[in-house]
Amino acid sequence: MEGGDGPYSYTQNSEYQKQSVDSAKQLTNELIDQLLDVGNHPYSFSNSYRVADFGCSVGPNTFCAVHNIVEAVENKYKSQKMESRMPEFHVFFNDHVGNDFNTLFRNIPATGRYFAAGVPGSFHGRLLPSSTLHFAHCSTALHWLSKIPKEVTDKNSPAWNKGRIHYAGAAKEVKDAYSTQFAKDFDSFLSARAQELVPGGLMVLVSLGFPDGVQVCESSMGENFNILGSCFLDIAKTGIITQEMVDSFNLPFYYPWPSELKSLIEVNGLFEIKKIEKLVSPTRQVKPDDLAVCVLHLRAILGELIKEHFGEGITDILFKRHTNKYVESPVVSDGRYFKETSYFVFLKRKMNCAS
Ligand SMILES: C[S@@+](CC[C@H](N)C(=O)[O-])C[C@H]1O[C@@H](n2cnc3c(N)ncnc32)[C@H](O)[C@@H]1O
């Protein structure tokens, strides 16, 4: 993610992801109200309720998500007339070590409602001590793979993704390689969280994806990635970058169907599924003709990945070219392409599980 708070930063360009946080609020409240057992709260070593946001980025959306959770837990204590046992809140903000934690820390709201800590590292592994976490949250981050499956960049594999930057519109083998990687990553995520959460601990996941059966290439997102891929190829023709650099660049994003999420959670076996529900589609609320917003969102997300692979030089040229092509594309105005959505998943860590 682009750090800081400049014009290309995630901070300034994450309204799309904010819509997912907002649309998950009501369900989060309802399920906390139904499922949080305040009479039997397992505090392990102090009267604190510990919440972690995995893949928090630099804000501000993480602060809204955390606020919603803290408020819902407080409301549950109040509704049960248990204010005297109201816990203190300890919130852990997690993202990769390269995340701009300075910007995050500078912007933590000074409400005094919770104590905050940063937890750097990959959420595909363990980040917190065993059985110390009460609530885990992760919004619009699970689709990031831990790595690009190696077949996708292997010239000798049927899954070699030559000339493309994503599995959208690619051979079936490419999608299969991405989905296999996602299955491994999601299982690692669930197993790590199951160890960190107390028995009965709760977890909200907001996952970007598509309704069952819908292919990413049928969506505006898939088309957008294909347009971006064609811009890389155009730039390669000018000699600024090489075709090999394009062939070895792939976006590490996989967008699961809800049925895939459900079956992977069941196979993992460490959580009870309390709810899986489609949320209001974020793209429908970003005005489709507001091109500048769409392009800035994409740049805030992809800018760092592109710089890492191609160096500092091409980002401006690339996104200028992308904007010119994108404006001509039918996906900008044709509502039939707006198929991407997000799914709300509410899980409860099983009371007895060998994690
Ligand atoms: C689209 S942003 C979403 C940020 C925030 N949750 C929100 O709703 O605005 C995805 C974030 O997930 C982080 N992320 C991706 N993979 C991760 C991993 N394995 N461990 C920790 N953070 C990760 C990225 O660095 C990025 O900041």
For the range 240-282, what log10 I(q)/I(0) values come out of the Debye formula at q = 0.21 1/Å, with one point per alpha carbon and no solvent?
-0.79
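Excluding V216 itself, what net charge comes from residues whose Cβ is under 10 Å from its Cβ, given Lys and Arg +1 and Asp and Glu -1? Walk me through the numbers before you get to the answer.
Working: positive: K175, K339; negative: E218, E223, E340.
With Lys, Arg at +1 and Asp, Glu at -1, the neighbours total -1.
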Normalised convex hull volume, the chain, alpha-carbon set, Å³ per residue
129 Å³
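List the trypsin sites (Lys or Arg not before Pro) within the range 27-117 that DSSP assigns to loop and that have no more than 12 neighbouring Cβ atoms inside 10 Å. It would help to have the intermediate numbers written out before the result.
On the way: sites: R50, K76, K78, K81, R85, R106, R113; in loops: K81, R113.
The qualifying sites are K81.
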Net +/- balance of residues flanking S131 in space, Cβ distance below 14 Å, scoring K and R +1, D and E -1:
+4
Within the chain, what whole-number % of the accessible surface is contributed by carbon and sulfur, with the 1.4 Å probe and all protein chains included in the calculation?
51 percent
So for the range 15-349, averaging the separation of alpha carbon pairs under 8 Å that are six or more residues apart and normalising by length, what relative contact order in percent results?
21 percent
For the residue pair L233 and Q34, what label-to-label distance in nm results when each label sits 7 Å from Cα along the Cα-to-beta-carbon direction?
4.8 nm
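Using a probe radius of 1.4 Å on heavy atoms only, what accessible surface per residue do you get for the range 15-349? Whole Å² is fine. Kindly include the intermediate steps, with their values, before the conclusion.
Working: 13890 Å² over 335 residues.
Value for the range 15-349: 41 Å² per residue.
Which net charge results for the neighbourhood of V152, defined as the other residues with beta-carbon distances under 13 angstrom from its beta-carbon, given Lys and Arg at +1 and Asp and Glu at -1? It would help to have the intermediate numbers written out before the result.
Numbers: positive: K147, K150, K155, K162, R164, K172, K175; negative: E151, D154, E173, D176, D247.
Residues near V152 contribute +2 overall.
The values are calculated or read from the model by the stated rules, or taken from the named source; none is laboratory data. Predicted model only: the values in this text are computed from it and were never measured. A quick note on method: Cβ atoms are made from the backbone with ideal geometry, for glycine too, and the neighbour counts reach across all protein chains shown. Please note that ligands, DNA and RNA were not included when accessible areas were found on the heavy atoms of the full protein model with its side chains. Shrake-Rupley method; radii C 1.70, N 1.55, O 1.52, S 1.80 Å.
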